[in-house]
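The values are calculated or read from the model by the stated rules, or taken from the named source; none is laboratory data. As the structure is a computational prediction, the values presented were derived from the model and not from experiment. All Cβ positions, even for glycine, are placed from backbone atoms using ideal geometry, and neighbour counts span all protein chains on display. SASA here: full protein model, heavy atoms, side chains in, ligands and nucleic acids out. Shrake-Rupley method; radii C 1.70, N 1.55, O 1.52, S 1.80 Å.
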Amino acid sequence: LINFVKQFFRNGIKNWSNKKAYIFFIVLLVNQVSISQDLGNLGSISKGFDKNSLFHLSGGLSANALYTGGSDASGRDPFNWVIAGNVNVNLFKQINLPFSLSVTNVGAGYNYPTPPNKISLNPTYKWVTAHIGDVNMSFSPYTLNGHVFTGVGFDFAPQGRIKVSVMYGRLQKAVEYDSTNPNFKSATYERYGYGTKISYSKEKYELGMIVFAAKDNYNSLQYKPDSLQIFPQQNLITSYNLILHPNKNLQFSSELATSIFTTDIRGDGVSESKVNQILHFFYNTKNTTTFNKALKMQLNYNFKKSIIGVGYERIDPGYQSLGTYFFANDLENVTLNLSQILFNNKLTFSGNIGTQRDDLSGIKSSSNNRFIGSLNINYTPSQKLLTSFSYSNFKTFMYVKPLYLNITPITPIPNSDTMNFKQVSENINMNVNYVIKNNSSINQTVNFNFSYQDANNLQGGVTQPNGATEFYNTIAGYNVLFVPKGVSLNFLFNYSLSSASGVNNTAYGPTIAITSKVLNKKVNLTFSSSYNATGNTNGAVTYAVLNNRLSATCTLKKHNLQVSIIHQERDGSDNSKSSTIIGNIGYNIAF
């Protein structure tokens, strides 16, 4: 079956014999699904047929166009558009066939590893869901995690203890290096992957296993991008999951993943050990192949209105997965979290502390240790007053290893601790919202927000020159809504101050917004204007920026039309001037 799917997606249907094989495969699959389910459901399908309910169509379509002009728009594409839609066909009130489409002119004329235009079909029948076309699936953070692929996948979730997910498809297209492409200055090999996830659950535990593999096609590129440090790669990951919940208050979860990663499949093979003789059946190891692990454990305990948890995570240096877009490795995390609800649900606080370190193998020239602590408090003494407060502290210790430690244990260099660095960052955020009046004719509220951030770089316990920054931001607002007329007014004032290297920079200004519903409340009009001025203490260029925005939204039954225009004027203290205008029109329909 896997070989047939691979051949079909790689080579397509080339002749009638392949067509017949493909039709036979689909018929066989449908028959297997229906037979293994329950023949009693044929009665419900026949009832839907008798009631002339062969199918039901629902979904939506949206189209958006964006125009950008002005002196600040040089180098941009002045006109961009995107069309997206989704349609669901329900057959006999039993089978769902969701279909989605996305088409855009962004990047037209260029090739990308993942195309911006996508089409997908996600049919569902009872406990079977298929993913066909440009889709994504997630198995776990260490294996396959949201990576878009062009192919096919299935989720089988029958009423029972076993659930299965499978996928196969192209993870990225082959893209030759193109120096004229403004958005992709690289190259990629064609990459295919496949995987499966199986889980078995009972009342007090759940077991799971994941296998994911991906490999680049070396012959997919005419010009090999070795000079760009891009090589054909291969990856095989196995992951084991365990969840225990011996009672309703206690839960333990864990995942252990092993990644076999080859950075260049053209490398020489390695001599086969007893372990490698078994592995060779599944993976051809090279001299560029590495074996790494990732482990994560979490223990949570709930009692009354409290939750306490402890977690541990370790990711080996060099751990990689071709099923994720971004991944951090060479780290160890230990976390502790606590949340509590008090005073009849009026007060909620949660906090967590944790440490993180890298250089797990001890071979880096420097190592980092981080401490993270945060506290969040929400207090609502009445329906009129809502307050929140949060505090976080991040500390990073960088230990620079002297070279002499790697040579011979001689007498330490005096004042060698001055090579160590410490970074401290503190964040405070406070928000207050108060309802002045709220009745059938008027709604008045005021709100206040304050945020503060402080960052310092310390070396040898001394704050470094230009190593301290402070940032303050304050926002005060007043909102009033005239309910019968559907008119709202919003007044806002913002003030920001940042201090770095002995230089203070400020930005401040008011904002006013008016919203009104007209034409029997079918059209919503909004106008906003904001003015911001910047200043500094070192004589640098300052700016005064004026932003005006006008938007209209019209809703008629299942149709929705939006139009907006944004105009910005910027004047500098050096007599420089610039302007930008952005226009957007969008249409949506639901059916």
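Being open to solvent by less than 10 Å² (accessible area, probe 1.4 Å), out of contact with any helix residue (DSSP H, G or I) (no Cβ under 9 Å at 6 or more places or on another chain) and closer than 27 Å to residue 294 by Cα is a condition met by at least one residue of the range 171-185. For residue 569, the conditions (1) within 18 Å of residue 522 (Cβ to Cβ); (2) in contact with a strand residue (DSSP E or B) (Cβ under 9 Å, 6 or more places away or on another chain); (3) open to solvent by 60 Å² or more (accessible area, probe 1.4 Å) are fulfilled apart from (1). Would you mind stating whether residue 224 is open to solvent by 60 Å² or more (accessible area, probe 1.4 Å), modelled with pLDDT of 90 or more and under 23 Å from residue 148 (Cα atoms)? Spelling it out, it is not the case that residue 224 is open to solvent by 60 Å² or more (accessible area, probe 1.4 Å), modelled with pLDDT of 90 or more and under 23 Å from residue 148 (Cα atoms). Of all residues in the range 161-202, those being under 29 Å from residue 77 (Cβ atoms) and not basic (Lys, Arg) number 18. For the range 76-90, the set of residues classified as aliphatic (A, V, I, L, M) and open to solvent by 50 Å² or more (accessible area, probe 1.4 Å) consists of 82, 83, listed by residue number. From the list 198, 230, the one residue that fits, being within 27 Å of the chain's Cα centre (by Cα), of a type in the set (Val, Ile, Thr) and within 21 Å of residue 165 (Cβ to Cβ), is 198. Tallying residues that are assigned to a strand (DSSP E or B) and either open to solvent by 30 Å² or more (accessible area, probe 1.4 Å) or over 30 Å from residue 267 (Cβ atoms) (or both) within the range 193-221 yields 15.
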